[in-house]
């Protein structure tokens, strides 16, 4: 770095530009390498993915004490033998279908004629049929028609010129014939060799991956890589089994319907289902065409379409979630982009490999710290935490998404928990921005308005089952059974009290007074506290400290049994202690609760409570609710 301050400043300003250019250049270089080196990268990628599928078989043979090399050879040769059998089956079925196609031409002509008759006149379909027939005639000109002598080359009988290439030599002929055969054989051979060596050197490759990922924490890195490999292996094996089952069901269904060559279409359906979203639809096109060509009517076409329409949703939305979760862990846009990118780089095989490769990248991004950006870009997990999403919506002045988020949350957990884990956390972010001076007055008002809208709307969501003094909800949940279904909530002993269950001092119209501090966001936190107490049988009135200092008097001062002071922003302890003493002087025998809505050490909380002379000091709304209900029970 230059000692000249001006030069140093210019370099610092230009650094983001250089970083962006370097990143773009790196991406372009990687894409070019993948495209130009696809003849090598495709076999290696297929071998890696195939090794994930074959690892369980190798482990099974190793458990019965089969030598490692022999186990690998047996599993790999069995897998490739099965793939060779499938390839021969496809070739045989395809040849049979091609030989049968001429028999279906009559049926297709009759259907076209019937369609033309049914749409005779100026119908759109009729014009389309005429256009197709005209184009077919134009694409197949009859070059064998003879012309009268002496008239060739005239306007009525133009000359037909055919361009023929020179006759190839022996080497050219061999290259043209053998080339298309040798290329897939060479690719298959590379896949076989790479798969064998990957399975044989699995531990060594894992160690090298650990070294690349960072060997500073071997336990964590090893656990991450082993977990990633296990997850990928289970995912690919489950996907393979599901797609094979899908192909079998389609093949049996087509056989039952009467479509010729059902084995071919079943195998193609199993293969094409590896293509996300559109694979099953593409695999249905050829059976539909053949069904239309075979059946003089339309019943076979309708039955074939119904088969795919019924089987694919069951496989995708019922069986897949049971096998490997509700999704592949990829965002929908990532799946589409990955399919487009890999199809461009590697052609049709890239389209089939797009989802498995992207799943590998996402798993690596979730387990390897250096690759975290892959999970953010491609994964289906939210890029922002719920509190961050909530605060961002408040900044945008758009509380609707936050309200929808809260309603979804309330289907399984309690409102007080949502306020604690999401809203209060978002308020703390707002308070930090306010302390740094990054929120102007206008933005503060916008955030405050959005917060009031969220609290008001969520307060109208009906609470769950309420009971008497013996009815308790785990974790302050209105529906404790739903809590148990998704895991433990923040556990506190809470209940919903009826007015006749309250002690005499707590039977006033509003026995609880909630006082907010001077901060612009303290009002929202205090409103949430009052709302939660109301929902659990303790009516509360909310006032600000500024109103109290201006001489405002709470309703029925003598009926107040609990005063709650709410502090979101840092306030001097002497001021809080003064407020507590004034409350005790104004309302003899009142209980005082102080809420600091920030996490603190339990030991420091107890010392702070004694310093402030408060009855209880809490840092969460759950804790405040528990303390208030405990006070009400004791009287």
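The values are calculated or read from the model by the stated rules, or taken from the named source; none is laboratory data. All values reported here derive from a predicted model rather than from experimental measurement. Cβ: placed from backbone, ideal geometry, glycine included. Neighbour counts: every protein chain shown.
Please give the helices (runs of 4 or more DSSP H) falling wholly within segment 253-348 in which 2 or more residues are in contact with a strand residue (DSSP E or B) (Cβ under 8 Å, 6 or more places away or on another chain).
Helices (runs of 4 or more DSSP H) meeting the threshold: 332-346.
Looking at the structure I just gave you, is residue 247 without any contact (Cβ under 8 Å) to a residue 24 or more places away in the chain, in the same structural domain as residue 339 (by TED's automatic domain parsing), touching a helix residue (DSSP H, G or I) at 6+ places or on another chain (Cβ under 9 Å) and in a helix (DSSP H, G or I)?
It is false that residue 247 is without any contact (Cβ under 8 Å) to a residue 24 or more places away in the chain, in the same structural domain as residue 339 (by TED's automatic domain parsing), touching a helix residue (DSSP H, G or I) at 6+ places or on another chain (Cβ under 9 Å) and in a helix (DSSP H, G or I).
Among (1) under 25 Å from residue 263 (Cα atoms); (2) modelled with pLDDT of 85 or more, which single condition is residue 68 missing?
(1)
For segment 513-533, indicate whether the set of residues that are out of contact with any helix residue (DSSP H, G or I) (no Cβ under 9 Å at 6 or more places or on another chain) and closer than 17 Å to residue 420 by Cα is non-empty.
yes
On the basis of being outside any helix (DSSP H, G or I), farther than 25 Å from residue 497 by Cβ and free of Cβ contacts under 8 Å to residues at least 40 places away in the same chain, does residue 600 make the cut? Break it down into steps so the answer makes sense when it comes.
Values: outside any helix (DSSP H, G or I): yes; farther than 25 Å from residue 497 by Cβ: yes; free of Cβ contacts under 8 Å to residues at least 40 places away in the same chain: yes.
Yes; evaluated as a whole, the condition is true for this residue.
How many residues are in a helix (DSSP H, G or I) and either in the same structural domain as residue 236 (by TED's automatic domain parsing) or surrounded by fewer than 20 Cβ atoms within 10 Å (Cβ to Cβ) (or both) if we restrict to segment 59-76? Break it down into steps so the answer makes sense when it comes.
Of the residues in segment 59-76, the ones in a helix (DSSP H, G or I) are 59-63, 68-76.
From the residues that got through so far, the ones that are either in the same structural domain as residue 236 (by TED's automatic domain parsing) or surrounded by fewer than 20 Cβ atoms within 10 Å (Cβ to Cβ) (or both) too are 59-63, 68-70, 73-74.
Total meeting the criteria: 10.
Quick check: anything in segment 437-448 in a helix (DSSP H, G or I) and either under 14 Å from residue 525 (Cβ atoms) or modelled with pLDDT of 85 or more (or both)?
Yes, segment 437-448 contains a residue that is in a helix (DSSP H, G or I) and either under 14 Å from residue 525 (Cβ atoms) or modelled with pLDDT of 85 or more (or both).
Tell me the residue from 363, 423 that is closer than 25 Å to residue 336 by Cα and assigned to a helix (DSSP H, G or I), please.
None of the other options fit; the residue is 363.
Tell me yes or no: at least one residue of segment 78-89 is surrounded by 10 or more Cβ atoms within 10 Å (Cβ to Cβ), modelled with pLDDT under 70 and in a helix (DSSP H, G or I).
Within segment 78-89, none of the residues are surrounded by 10 or more Cβ atoms within 10 Å (Cβ to Cβ), modelled with pLDDT under 70 and in a helix (DSSP H, G or I).
Residues are listed down the side, and each one gets a yes or a no for (1) within 26 Å of residue 429 (Cβ to Cβ); (2) buried (at least 18 other Cβ atoms within 10 Å of the Cβ); (3) not assigned by TED's automatic domain parsing to the domain that holds residue 599:
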site	(1), (2), (3)
545	yes, yes, no
549	no, no, no
560	no, yes, no
567	yes, yes, no
574	no, no, no
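Of the residues 343, 292, which single one is in contact (Cβ under 8 Å) with a residue 24 or more places away in the chain, touching a helix residue (DSSP H, G or I) at 6+ places or on another chain (Cβ under 7 Å) and in the same structural domain as residue 264 (by TED's automatic domain parsing)?
Step by step, each of 343, 292 is checked, and only 292 is in contact (Cβ under 8 Å) with a residue 24 or more places away in the chain, touching a helix residue (DSSP H, G or I) at 6+ places or on another chain (Cβ under 7 Å) and in the same structural domain as residue 264 (by TED's automatic domain parsing).
Just a yes or no: is a residue in segment 296-318 modelled with pLDDT of 80 or more, surrounded by 14 or more Cβ atoms within 10 Å (Cβ to Cβ), closer than 30 Å to residue 102 by Cα and out of contact with any helix residue (DSSP H, G or I) (no Cβ under 7 Å at 6 or more places or on another chain)?
Residues of segment 296-318 modelled with pLDDT of 80 or more: 298-315.
This time we only want the ones that are surrounded by 14 or more Cβ atoms within 10 Å (Cβ to Cβ), so: 300-305, 307-308, 311-312, 315.
Then drop every residue that is not closer than 30 Å to residue 102 by Cα, which leaves 300-305, 307-308.
From the residues that got through so far, the ones that are out of contact with any helix residue (DSSP H, G or I) (no Cβ under 7 Å at 6 or more places or on another chain) too are 302.
Yes.
Scan segment 568-579 and report the pairs whose first residue is more than 15 Å from residue 614 (Cβ to Cβ) and whose second residue is assigned to a loop (DSSP other than H, G, I, E, B), with Cβ atoms within less than 7 Å and a gap of 6+ or a chain change.
Sorted first by the residue in segment 568-579, then by its partner, the pairs are 568/517; 568/519; 568/521; 568/597; 569/517; 569/519.
Go through segment 433-456 and give me each residue that's surrounded by 16 or more Cβ atoms within 10 Å (Cβ to Cβ) and under 21 Å from residue 416 (Cα atoms).
Result: 447, 448, 450, 451, 453, 454, 455.
Taking the stated definitions as given, is residue 578 surrounded by 14 or more Cβ atoms within 10 Å (Cβ to Cβ) and in the same structural domain as residue 513 (by TED's automatic domain parsing)? Working first, answer last.
Working: surrounded by 14 or more Cβ atoms within 10 Å (Cβ to Cβ): no; in the same structural domain as residue 513 (by TED's automatic domain parsing): yes.
No: the conditions fail for residue 578.
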